[in-house]
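Undergrad: Below you will find the structure I want to go over with you.
The values are calculated or read from the model by the stated rules, or taken from the named source; none is laboratory data. What you see is a predicted model; the values in this text were computed from it and never measured. Cβ placement follows ideal geometry from the backbone for every residue including glycine, while neighbour counts extend to all protein chains displayed. All accessible areas refer to the heavy atoms of the entire protein, side chains included, with ligands and DNA or RNA removed. Shrake-Rupley method; radii C 1.70, N 1.55, O 1.52, S 1.80 Å.
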Amino acid sequence: MTLGDSITIADLMQDVLWTGCDFSSSCSMADEDSSSVHTYAAPLEFVQSLDLGPGVTANVTLSPPPGTSKHAPHSIIIGVRKGGTRALLEMLDIHPEVAAAATEVHFFDWDENYAKGFDWYRELMPYSYPHQITVEKTPGYFTSSLAPERIRAMNSSIKLLLILRDPTERVVSDYTQVYFNRLENHKPVQAIENLLVRSGALNTRYKAIQRSFYDVHMRNWLRHFPLEQIHIVDGDTLIRDPLPELQKVERFLNLPPRIMSSNFYFNQTKGFFCIRSEGRERCLHESKGRPHPAVNSTVLQQLRSYLREHNRNFYRLVKRSFDWQ
């Protein structure tokens, strides 16, 4: 290949990894322990200086593939936080008829983003071909009081994906993420027991616990969408055996069956399944699958007991049960 002043993405970018975001989407960086976010959107076309080796550089013009365009999502993964939303999105992205948004947009749950309008939202979606469906995921939607009504206003027939795991384990995972984020940002941390219990009683004002009131949040969604439009993915099963859960998602989204057992392999070092697709292998980010801290057994049992009634109510709402302790 002869290098000119500029070359196209199709010519040279097959093996370039765009860390954090790609040319077809926006990137968001949010502190998981706060509501602040810094969002920047990539333009439709821009020039990137690329280092090709000693003394050789080129300006690469990034432009959308011919025949593609941007669409509002046909399906949204609405949550739940620390339920496996990233794993679900990346596994679903194996499917050739899925175009997945690279970042969490927080359009329907953050007022400052929603105020920017649907055109702004659509521009943050990936380019897709006519035969593909666009999928976005933002875990904060499930626990947002405003997201269901806002999504319905955009598309009342949209298909929603909700991935849930044992709510007690989800609380501990939620704490673990915030704990490591605060350590990395040199912020003070507390033992999980100090957050779970206050004055001898369970601290039900702790946000991590409130996010596990699945029945409370589900009632809000069912006021705006019929249950048939919300497919619930068992996050605990997805971790143990991904394929059956993904096949159910394919059927729900009316996608032809394309995801196979050969798309997954168990990584002994990480302790969970990784993805094999188009001759490449990849695992979730190292922040996923972090070991949970040991929690005082009495406190843990107190949390489980409190959530049990919420779980029963949730089972009745969705007309199915889960293997949660």
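Undergrad: Any residue in the range 295-317 that is at pLDDT below 95, more than 21 Å from Arg211 (Cβ to Cβ) and open to solvent by 90 Å² or more (accessible area, probe 1.4 Å)?
TA: no
Undergrad: Name every residue in the range 216-233 that is open to solvent by 10 Å² or more (accessible area, probe 1.4 Å) and out of contact with any strand residue (DSSP E or B) (no Cβ under 7 Å at 6 or more places or on another chain), in order of residue number.
TA: Val216, His217, Arg219, Asn220, Leu222, Arg223, His224, Pro226, Leu227, Glu228
Undergrad: Here's something else I'd like to know. Restricting to the range 67-76, count the residues that are in a loop (DSSP other than H, G, I, E, B) and open to solvent by 10 Å² or more (accessible area, probe 1.4 Å). So that I can check it myself, show each step before the final result.
TA: Quick first cut of the range 67-76, residues in a loop (DSSP other than H, G, I, E, B) only: 67-68, 71-74.
Within this subset, residues satisfying the condition of being open to solvent by 10 Å² or more (accessible area, probe 1.4 Å) are 67-68, 71-72, 74.
Number of matching residues: 5.
Undergrad: Six or more apart or on different chains, Cβ under 8 Å: which pairs go from a residue in the range 190-204 that's closer than 17 Å to Pro167 by Cα and assigned to a helix (DSSP H, G or I) to one that's hydroxyl-bearing (Ser, Thr, Tyr) and open to solvent by 60 Å² or more (accessible area, probe 1.4 Å)? Could you list them?
TA: Ile192/Tyr179
Undergrad: With the requirement that a residue be surrounded by 14 or more Cβ atoms within 10 Å (Cβ to Cβ), of a type in the set (Val, Ile, Thr) and in contact with a Phe, Trp or Tyr (Cβ under 8 Å, 6 or more places away or on another chain), what does the range 190-208 give you?
TA: Scanning the range 190-208 gives a single hit, Ile192.
Undergrad: Let me ask something else. Suppose we filter Thr103, Thr143, Thr168 for residues that are at pLDDT below 95 and polar (S, T, N, Q); which single one remains? Reasoning before the result, please.
TA: Numbers: Thr143 fails: at pLDDT below 95; Thr168 fails: at pLDDT below 95.
Criteria check complete, one pass: Thr103.
Undergrad: So which of Gln247, Gln302 ends up being more than 19 Å from the chain's Cα centre (by Cα) and not charged (D, E, K, R)?
TA: Just a single option satisfies the conditions, and that option is Gln302.
Undergrad: Report, ordered by the first and then the second residue, all pairs with beta carbons closer than 7 Å, sequence separation of six or more or different chains, a first member in the range 262-283 that is in contact (Cβ under 8 Å) with a residue 12 or more places away in the chain, and a second member that is aromatic (Phe, Trp, Tyr) and in a loop (DSSP other than H, G, I, E, B).
TA: Once the first residue is in contact (Cβ under 8 Å) with a residue 12 or more places away in the chain and sits in the range 262-283, no partner that is aromatic (Phe, Trp, Tyr) and in a loop (DSSP other than H, G, I, E, B) comes close enough.
Undergrad: Where residues in the range 43-58 are modelled with pLDDT of 60 or more and in a strand (DSSP E or B), which of them is surrounded by the most Cβ atoms within 10 Å (Cβ to Cβ)?
TA: Thr57
Undergrad: Go through Arg122, Arg150 for me and flag whichever is in a helix (DSSP H, G or I), among the basic types (Lys, Arg) and under 12 Å from Ile78 (Cβ atoms).
TA: Within the list Arg122, Arg150, the selection yields Arg150.
Undergrad: Yes or no: Leu124 of a type outside the set (S, T, N, Q), more than 30 Å from Pro64 (Cβ to Cβ) and in contact (Cβ under 8 Å) with a residue 24 or more places away in the chain?
TA: No: the conditions fail for Leu124.
Undergrad: In the range 302-320, which residues are of a type outside the set (Phe, Trp, Tyr) and either more than 14 Å from Ile232 (Cβ to Cβ) or in a loop (DSSP other than H, G, I, E, B) (or both)?
TA: Gln302, Leu303, Arg304, Ser305, Leu307, Arg308, Glu309, His310, Arg312, Asn313, Lys319, Arg320
Undergrad: Right, here's the next one. Residues of the range 77-119 being assigned to a helix (DSSP H, G or I), free of Cβ contacts under 8 Å to residues at least 60 places away in the same chain and either of a type in the set (Lys, Arg) or surrounded by fewer than 19 Cβ atoms within 10 Å (Cβ to Cβ) (or both), which ones?
TA: Answer for the range 77-119, where residues must be assigned to a helix (DSSP H, G or I), free of Cβ contacts under 8 Å to residues at least 60 places away in the same chain and either of a type in the set (Lys, Arg) or surrounded by fewer than 19 Cβ atoms within 10 Å (Cβ to Cβ) (or both): Asp111, Glu112, Tyr114, Phe118, Asp119.
Undergrad: Okay, moving on. Quick test for you: out of Phe180, Phe213, pick the one residue that is among the aromatic types (Phe, Trp, Tyr) and open to solvent by 60 Å² or more (accessible area, probe 1.4 Å).
TA: Numbers: Phe213 fails: open to solvent by 60 Å² or more (accessible area, probe 1.4 Å).
The unique qualifying residue is Phe180.
Undergrad: A further question on this structure: Ser63 versus (1) under 23 Å from Ser156 (Cβ atoms); (2) at pLDDT below 95: which is the lone unmet condition?
TA: With (1) under 23 Å from Ser156 (Cβ atoms); (2) at pLDDT below 95 applied to Ser63, the lone miss is (1).
Undergrad: Only residues that are open to solvent by less than 50 Å² (accessible area, probe 1.4 Å), closer than 30 Å to Ser157 by Cα and touching a strand residue (DSSP E or B) at 6+ places or on another chain (Cβ under 8 Å): list them for the range 235-292, please.
TA: Passing the criteria: Gly235, Leu238, Pro242, Leu243, Glu245, Val249, Phe252, Leu253, Leu255.
Undergrad: Looking at Ala153 and the list (1) surrounded by fewer than 16 Cβ atoms within 10 Å (Cβ to Cβ); (2) closer than 18 Å to Asn220 by Cβ; (3) in contact (Cβ under 8 Å) with a residue 60 or more places away in the chain, which single condition is not satisfied?
TA: (3)
Undergrad: Then there's this: Please verify whether Ile78 is modelled with pLDDT of 95 or more and farther than 22 Å from Tyr127 by Cβ, treating the condition exactly as stated.
TA: In short, yes.
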